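The values are calculated or read from the model by the stated rules, or taken from the named source; none is laboratory data. Owing to the predicted nature of the structure, the values given are computational and were not obtained by experimental measurement. Quick reminder, even Gly has a Cβ in these numbers, built from the backbone with ideal geometry, and neighbours come from all protein chains shown.
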């Protein structure tokens, strides 16, 4: 299911911080390694601004994770 792949990824990536995803250690690390921004100073506004500015690349990434998940399920 292509629609559920992004939701599944975000659900797993924000474990423990679902109502405040900018506090998720995993997402902070991903933002830091992808953009070079320091994650310590990342606020909700900065987090949402980053995701809005990078939305196309992020949607491509989430589609790729969905394809990978489907391939793994086919082979299992």
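Annotations
- Cβ-Cβ under 7 Å pairs, at least 6 apart or on other chains, the stretch 25-41 side on the phi < 0 side of the Ramachandran plot and part of a helix (DSSP H, G or I), far side modelled with pLDDT of 85 or more and exposed (fewer than 12 other Cβ atoms within 10 Å of the Cβ): 32/38
- Within the stretch 42-68, the set of residues being assigned to a loop (DSSP other than H, G, I, E, B) and exposed (fewer than 11 other Cβ atoms within 10 Å of the Cβ) comprises 43 only.
- Test: residue in the stretch 5-13 that is within 26 Å of residue 73 (Cα to Cα), touching a helix residue (DSSP H, G or I) at 6+ places or on another chain (Cβ under 9 Å) and modelled with pLDDT of 85 or more: yes
- Residue count for the stretch 11-24 satisfying the condition of being surrounded by 14 or more Cβ atoms within 10 Å (Cβ to Cβ) and in contact (Cβ under 8 Å) with a residue 12 or more places away in the chain: 4.
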